[in-house]
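*Asks:* Okay, here's the structure, questions in a sec.
The values are calculated or read from the model by the stated rules, or taken from the named source; none is laboratory data. Here the structure is a predicted model, which means the values were calculated and not measured. So basically every Cβ, Gly included, is an ideal-geometry build from the backbone, and we count neighbours across all protein chains shown. Side chains are part of the model used for accessible areas, which takes the heavy atoms of the whole protein and leaves out ligands, DNA and RNA. Shrake-Rupley method; radii C 1.70, N 1.55, O 1.52, S 1.80 Å.
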Amino acid sequence: MPELPEVETIKNELLPHVVGRQVTDANLCWEGIVRKPSPEEFCSRLIGERITGLSRRGKYLIFRLSSGEALIIHLKMTGSLLLNHASDTPGRFIRAVLHLDNDCQLRFRDPRKFGVMWLVEDTSSVMAKLGPEPLEENFTAEVMAERLAKRKAPIKPILLDQNFIAGIGNMYADEALYDASIHPLRPAASLSQEETVKLHHAIQQVLGAAIGNKGASVANYFRPGGELGKAHFEFRVAHGLGGKFCQRCGTPIGRIGVRNRGTYFCPKCQVLDKPTE
Ligand SMILES: [Zn+2]
């Protein structure tokens, strides 16, 4: 949390307000939020820069700067980027503030303090190993099948592995596996061709729908204007928010721990051992 749809929403909604703007000041209320370079250098190199572009890769936001450097932000568990007017009351949990030349401030709100910022010349120093973007055209069912075929691990942690596929977290992995009727503990390499095609379609469908709903406001996710997303109202299993029973078959939704992540699924629609035919 936030995952691809939340970060994509933040990017889309910030873009018209920040691109072309100059950073006039930078304040860190908590220096631990800067991973690289030193907090002092981070602020001094940022001040005076113009933001020339804003994009998303996986769960990362990338602000391109006139110097050629990039400000990379990862919101981790509880981060939000709020766009406030300079005169707005400072809210709680604000860890960093970027002042822009349009009297706006970009405020990094992060109750749990897991969020991270980098200022780098080469974005690959942070994001080199990221897997393919699930919504891009070149990420086909065939590409996914090839990558899954080599993996013996259960499918759920593979979907969460950012080096396998970028942007999916606990919520959308559970939703996609439910959609495709695949048990979260199925060994990845055991998926049939038909199941892989269904899972590929399900991933694109759940992520696309969640972007349409401006993300899921489950834990501390706010859109830049402070509004909430609505994607969680359409969850069937994730976070136990879909109700107590499967919407397809009425079976009580199950919850198991998969590598320490609470995992919700339908024990009847998503069976672990397929009967041999
Ligand atoms: Zn079911």
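*Asks:* Could you tell me whether residue 77 is under 30 Å from residue 136 (Cβ atoms), touching a residue at least 40 places away in the same chain (Cβ under 8 Å) and part of a loop (DSSP other than H, G, I, E, B)?
*Replies:* Working: under 30 Å from residue 136 (Cβ atoms): yes; touching a residue at least 40 places away in the same chain (Cβ under 8 Å): yes; part of a loop (DSSP other than H, G, I, E, B): yes.
When the stated conditions are applied, residue 77 passes them.
*Asks:* Follow-up question, since we're still on this one. Consider region 234-274. How many of its residues are at positive phi, away from the ligand (no atom under 12 Å from the Cβ) and part of a loop (DSSP other than H, G, I, E, B)? I'd like the intermediate steps shown before the answer.
*Replies:* Applying the first criterion (at positive phi) to region 234-274 yields 239-240, 243, 250, 259-260.
When the remaining residues are screened for being away from the ligand (no atom under 12 Å from the Cβ), the result is 239-240, 259-260.
Filter once more, keeping what is part of a loop (DSSP other than H, G, I, E, B): 259-260.
Qualifying residue count for the region: 2.
*Asks:* Within region 77-93, which residues are open to solvent by less than 80 Å² (accessible area, probe 1.4 Å) and either over 16 Å from residue 10 (Cβ atoms) or charged (D, E, K, R) (or both)? Explain how you work it out, then say what you get.
*Replies:* First, the residues of region 77-93 that are open to solvent by less than 80 Å² (accessible area, probe 1.4 Å): 78-84, 86, 88, 91, 93.
If the condition is that a residue be open to solvent by less than 80 Å² (accessible area, probe 1.4 Å) and either over 16 Å from residue 10 (Cβ atoms) or charged (D, E, K, R) (or both), then 86, 88, 91, 93 are the ones that fit.
*Asks:* May I ask you to verify whether residue 228 is away from the ligand (no atom under 15 Å from the Cβ) and among the aliphatic types (A, V, I, L, M)? Outline the logic, then answer.
*Replies:* Values: away from the ligand (no atom under 15 Å from the Cβ): yes; among the aliphatic types (A, V, I, L, M): yes.
Criteria met by residue 228.
*Asks:* Kindly list, by first and then second residue, each pair from a residue in region 205-216 that is touching a residue at least 60 places away in the same chain (Cβ under 8 Å) to a residue that is surrounded by 17 or more Cβ atoms within 10 Å (Cβ to Cβ) and of a type in the set (Phe, Trp, Tyr), limited to pairs with Cβ atoms under 8 Å and residues at least 6 apart or on different chains.
*Replies:* Note: pairs meeting the criteria are 207/172; 210/172; 215/221; 216/235.
*Asks:* Restricting the search to region 44-74, which residues are within 17 Å of the chain's Cα centre (by Cα) and outside any strand (DSSP E or B)?
*Replies:* 58, 59, listed by residue number.
*Asks:* Which number in (1) assigned to a loop (DSSP other than H, G, I, E, B); (2) farther than 16 Å from residue 73 by Cα marks the one condition that residue 111 misses?
*Replies:* (2)
*Asks:* For the structure I just gave you, tell me whether residue 136 is open to solvent by 50 Å² or more (accessible area, probe 1.4 Å) and closer than 30 Å to residue 21 by Cα. Explain how you work it out, then say what you get.
*Replies:* Values: open to solvent by 50 Å² or more (accessible area, probe 1.4 Å): yes; closer than 30 Å to residue 21 by Cα: yes.
Yes: the conditions hold for residue 136.
*Asks:* Can you name the residue in region 40-60 that is open to solvent by 30 Å² or more (accessible area, probe 1.4 Å) and touching a helix residue (DSSP H, G or I) at 6+ places or on another chain (Cβ under 8 Å) and is also farthest from residue 4 (Cα to Cα) among such residues?
*Replies:* Top of the filtered list is 55.
*Asks:* For region 243-274, name all the residues that are open to solvent by less than 100 Å² (accessible area, probe 1.4 Å) and without any contact (Cβ under 8 Å) to a residue 24 or more places away in the chain.
*Replies:* Step one: of region 243-274, the residues open to solvent by less than 100 Å² (accessible area, probe 1.4 Å) are 243, 246, 249-254, 256-258, 261-267, 269-272.
Within region 243-274, 243, 246, 249, 250, 251, 252, 253, 254, 257, 267 meet the criteria.
*Asks:* Taking the conditions exactly as written (part of a loop (DSSP other than H, G, I, E, B), charged (D, E, K, R), open to solvent by 10 Å² or more (accessible area, probe 1.4 Å) and within 16 Å of the ligand (Cβ to nearest atom)), does residue 223 satisfy them or not? Before the answer, list the steps.
*Replies:* On the way: part of a loop (DSSP other than H, G, I, E, B): yes; charged (D, E, K, R): yes; open to solvent by 10 Å² or more (accessible area, probe 1.4 Å): yes; within 16 Å of the ligand (Cβ to nearest atom): no.
No: the conditions fail for residue 223.
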